[in-house]
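Enquirer: Structure provided below as C-alpha coordinates; questions to follow.
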Amino acid sequence: MLDPDVDFILANADRLITVAARCTISSGLSDGLNALLLDHPKNNHDDWHQAVAGLQRDALLMAALRTALLLDRDETMVSLQAVYHRLNEPRTVGWASASVRGSPRI
(Lines give C-alpha, C1' and ligand atoms only; values in the text may rest on other atoms or scores of the structure.)
Protein backbone atom coordinates (compact mmCIF):
# COMPACT_ATOMS: atom_id res chain seq x y z
CA MET A 1 0.00 0.00 0.00
CA LEU A 2 1.24 3.43 -0.92
CA ASP A 3 0.53 6.70 0.81
CA PRO A 4 -3.27 7.31 1.11
CA ASP A 5 -3.04 10.43 -1.08
CA VAL A 6 -1.12 8.53 -3.76
CA ASP A 7 -3.63 5.67 -3.55
CA PHE A 8 -6.48 8.18 -3.99
CA ILE A 9 -4.86 9.71 -7.08
CA LEU A 10 -4.05 6.37 -8.70
CA ALA A 11 -7.44 4.87 -7.88
CA ASN A 12 -9.36 7.78 -9.39
CA ALA A 13 -7.22 8.97 -12.30
CA ASP A 14 -9.12 6.92 -14.90
CA ARG A 15 -12.45 8.11 -13.55
CA LEU A 16 -11.41 11.77 -13.74
CA ILE A 17 -10.10 11.33 -17.28
CA THR A 18 -13.39 9.72 -18.31
CA VAL A 19 -15.47 12.53 -16.79
CA ALA A 20 -13.24 15.18 -18.40
CA ALA A 21 -13.53 13.47 -21.80
CA ARG A 22 -17.31 13.17 -21.51
CA CYS A 23 -17.51 16.82 -20.46
CA THR A 24 -15.66 17.78 -23.64
CA ILE A 25 -17.89 15.52 -25.75
CA SER A 26 -21.07 16.97 -24.20
CA SER A 27 -19.86 20.50 -24.82
CA GLY A 28 -19.00 19.73 -28.45
CA LEU A 29 -22.29 17.94 -29.01
CA SER A 30 -24.21 20.89 -27.58
CA ASP A 31 -22.28 23.32 -29.77
CA GLY A 32 -22.89 21.25 -32.89
CA LEU A 33 -26.61 20.91 -32.20
CA ASN A 34 -26.84 24.64 -31.50
CA ALA A 35 -25.21 25.36 -34.87
CA LEU A 36 -27.74 23.06 -36.56
CA LEU A 37 -30.61 24.91 -34.88
CA LEU A 38 -29.23 28.30 -35.90
CA ASP A 39 -28.65 27.18 -39.50
CA HIS A 40 -32.21 25.84 -39.85
CA PRO A 41 -34.77 28.26 -38.38
CA LYS A 42 -37.88 26.65 -36.97
CA ASN A 43 -40.94 26.34 -39.12
CA ASN A 44 -44.23 24.64 -38.36
CA HIS A 45 -43.45 21.63 -40.57
CA ASP A 46 -40.21 20.59 -38.83
CA ASP A 47 -40.91 17.98 -36.16
CA TRP A 48 -37.19 17.42 -35.66
CA HIS A 49 -36.54 20.97 -34.43
CA GLN A 50 -38.04 20.43 -30.98
CA ALA A 51 -36.19 17.12 -30.53
CA VAL A 52 -32.87 18.67 -31.51
CA ALA A 53 -33.49 21.63 -29.17
CA GLY A 54 -34.15 19.20 -26.32
CA LEU A 55 -30.99 17.23 -27.07
CA GLN A 56 -28.98 20.46 -27.24
CA ARG A 57 -30.24 21.59 -23.82
CA ASP A 58 -29.55 18.16 -22.31
CA ALA A 59 -26.02 18.06 -23.74
CA LEU A 60 -25.34 21.54 -22.36
CA LEU A 61 -26.70 20.52 -18.96
CA MET A 62 -24.48 17.42 -18.89
CA ALA A 63 -21.42 19.51 -19.79
CA ALA A 64 -22.21 21.94 -16.97
CA LEU A 65 -22.83 19.12 -14.49
CA ARG A 66 -19.62 17.31 -15.40
CA THR A 67 -17.66 20.56 -15.12
CA ALA A 68 -19.09 21.12 -11.64
CA LEU A 69 -18.10 17.56 -10.64
CA LEU A 70 -14.57 18.07 -11.91
CA LEU A 71 -14.16 21.34 -10.01
CA ASP A 72 -15.79 20.28 -6.72
CA ARG A 73 -13.69 21.49 -3.77
CA ASP A 74 -14.90 18.82 -1.34
CA GLU A 75 -11.75 16.87 -0.42
CA THR A 76 -13.73 13.69 0.16
CA MET A 77 -15.05 13.68 -3.40
CA VAL A 78 -13.20 12.69 -6.55
CA SER A 79 -12.37 15.88 -8.43
CA LEU A 80 -9.50 17.71 -10.07
CA GLN A 81 -9.37 19.96 -7.01
CA ALA A 82 -8.95 16.97 -4.69
CA VAL A 83 -6.14 15.58 -6.85
CA TYR A 84 -4.49 19.01 -7.09
CA HIS A 85 -4.57 19.37 -3.29
CA ARG A 86 -3.06 15.91 -2.84
CA LEU A 87 -0.37 16.57 -5.44
CA ASN A 88 0.79 19.55 -3.38
CA GLU A 89 1.36 17.41 -0.28
CA PRO A 90 5.13 17.03 0.35
CA ARG A 91 4.97 13.23 0.65
CA THR A 92 3.02 12.99 -2.62
CA VAL A 93 5.44 15.30 -4.42
CA GLY A 94 8.31 13.08 -3.27
CA TRP A 95 6.56 9.96 -4.55
CA ALA A 96 5.72 11.61 -7.87
CA SER A 97 9.35 12.76 -8.31
CA ALA A 98 10.58 9.22 -7.66
CA SER A 99 8.07 7.85 -10.16
CA VAL A 100 9.23 10.25 -12.86
CA ARG A 101 12.83 9.13 -12.32
CA GLY A 102 11.81 5.58 -13.19
CA SER A 103 10.67 4.10 -9.92
CA PRO A 104 8.72 0.86 -10.49
CA ARG A 105 5.84 2.07 -8.30
CA ILE A 106 3.61 2.91 -11.25
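The values are calculated or read from the model by the stated rules, or taken from the named source; none is laboratory data. Keep in mind that what you see is a predicted model, and the values were worked out from it rather than measured. Please note: Cβ atoms are built from the backbone with ideal geometry, for glycine as well, and neighbour counts cover all protein chains shown.
Enquirer: Which numbered condition trips up P41, out of (1) of a type outside the set (S, T, N, Q); (2) in contact (Cβ under 8 Å) with a residue 12 or more places away in the chain; (3) part of a loop (DSSP other than H, G, I, E, B)?
Expert: Only one criterion is unmet by P41, namely (2).
Enquirer: Right, here's the next one. Residues in segment 62-70: is at least one under 26 Å from the mean Cα position of the chain (by Cα) and modelled with pLDDT under 90?
Expert: Yes.
Enquirer: Looking at L69, L65, L61, which one is farther than 30 Å from D5 by Cβ, of a type outside the set (D, E) and outside any loop (DSSP other than H, G, I, E, B)?
Expert: Answer to the selection: L61.
Enquirer: Cβ-Cβ distance below 8 Å, separation of 6 or more or different chains: which pairs start in segment 56-69 with a residue that is within 24 Å of D39 (Cα to Cα) and end on one that is among the aromatic types (F, W, Y)?
Expert: Note: no pairs meet the criteria.
Enquirer: Just to be sure, is R15 basic (K, R), part of a helix (DSSP H, G or I), out of contact with any Phe, Trp or Tyr (no Cβ under 9 Å at 6 or more places or on another chain) and crowded, with 16+ Cβ neighbours inside 10 Å?
Expert: No: the conditions fail for R15.
Enquirer: Going through R57, R22 one at a time, which residue ends up being under 30 Å from V93 (Cα atoms), modelled with pLDDT of 85 or more and either under 12 Å from the mean Cα position of the chain (by Cα) or not hydroxyl-bearing (S, T, Y) (or both)?
Expert: Answer to the check: R22.
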